[in-house]
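Presented below is the structure to which this report refers.
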Amino acid sequence: MVTSPALLILVVITAIAATVWLFSFRYLVNSPVVAARRVYDELDPAPVIPTFDASATRIVGAAEVEGDFRDNSRRLASVLARDGVLPASPVQILERSDQRITFRTAADANKPRGEIVLVGKGSHQTTLDYAVDYPALNTFLRAAWTLQAVSLIALAVGFWAVRTYVITSNNPAIKWQSIQMIQIVHLIWPPFMLGYRYRAGYKLVRTKLDMMLVNLPHTPV
């Protein structure tokens with residue numbers, strides 16, 4: 001059986017596209033776990049447990065710092081109000097007590113909002129735990145998974161259509177249009193971009209809060 005060059009081109013392009021699709025699928029599945037991993041975790045990494053949860057957008061962390069928890073609460077609220085957790089996005093302090101601070105990003109419900117709990121340990125140590133919800137990250141993941149599904153359908157339907165109606169043509173000029181299958185790339189690459197946006201946004205907020213807490217005793221107010 002002699003395979004026509006046009007069919008060979010179609011098969012090669014489809015195989016490459018399917019391989020890239022699988023890499024994209026793996027990238028999205030691992031994104032919530034990889035985004036949550038800190039630098040010191042990477043020195044002794046735990047196994048990556050994939051997740052299909054498109055709402056995995058809660059950012060959590062903890063720190064133990066010097067100083068009385070009452071003083072640290074006042075200092076932290078001041079730093080949060082001044083610096084925020086995202087560039088050019090002011091933070092509104094909703095509630096502040098000696099043991100709890102709640103905040104949100106002003107005028108935007110899709111940006112970070114959360115709380116920080118402070119617990120005194122002795123007279124000169126404070127344990128801080130934070131949990132932040134970042135709804136915009138959910139949008140990136142949902143859009144990425146939607147495009148991932150659409151690209152798989154387009155890949156299957158495109159292969160069938162070209163194989164059925166283009167490769168079988170008696171017109172050589174039409175046969176060589178099988179190379180147009182490469183247009184599938186326009187649906188395959190966006191999930192990578194959206195997954196990266198999710199990871200970058202998650203790490204930006206987490207790193208900002210981690211450093212804010214760790215440096216709290218040395219931060220002028």
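The values are calculated or read from the model by the stated rules, or taken from the named source; none is laboratory data. Everything numeric here is computed off the predicted structure, so don't read it as measured data. Positions of Cβ are backbone-derived with ideal geometry, glycine not excepted, and every protein chain shown enters the neighbour counts.
Per-structure values
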read-out: Within the range 149-221, helices (runs of 4 or more DSSP H) holding 1 or more residues that are surrounded by 13 or more Cβ atoms within 10 Å (Cβ to Cβ) and modelled with pLDDT of 90 or more; value: 185-188, 190-214
read-out: Output for the range 72-84, where each listed residue is touching a helix residue (DSSP H, G or I) at 6+ places or on another chain (Cβ under 9 Å) and either modelled with pLDDT of 90 or more or acidic (D, E) (or both); value: N72, R75, L76, V79, L80, D83
read-out: The range 122-148, subset under 30 Å from E66 (Cα atoms) and of a type in the set (S, T, N, Q), residue surrounded by the most Cβ atoms within 10 Å (Cβ to Cβ); value: T126
read-out: Residue list for the range 58-103, filter: among the acidic types (D, E), in contact (Cβ under 8 Å) with a residue 12 or more places away in the chain and in a helix (DSSP H, G or I); value: D83
read-out: Filter result for I167 (in contact (Cβ under 8 Å) with a residue 40 or more places away in the chain, among the aliphatic types (A, V, I, L, M) and touching a Phe, Trp or Tyr at 6+ places or on another chain (Cβ under 6 Å)); value: no
read-out: Criterion: modelled with pLDDT of 90 or more and either in a helix (DSSP H, G or I) or within 30 Å of N171 (Cα to Cα) (or both) - qualifying residue of T3, T19; value: T19
read-out: Yes/no for D83 being acidic (D, E), under 17 Å from Q125 (Cβ atoms) and out of contact with any Asp or Glu (no Cβ under 6 Å at 6 or more places or on another chain); value: no
read-out: Condition check for V119: modelled with pLDDT under 95, assigned to a strand (DSSP E or B) and loosely packed, with under 14 Cβ neighbours inside 10 Å; value: yes
read-out: Residue under evaluation A88, criteria (1) surrounded by 15 or more Cβ atoms within 10 Å (Cβ to Cβ); (2) over 25 Å from R37 (Cβ atoms); (3) among the aliphatic types (A, V, I, L, M), criterion not met; value: (1)
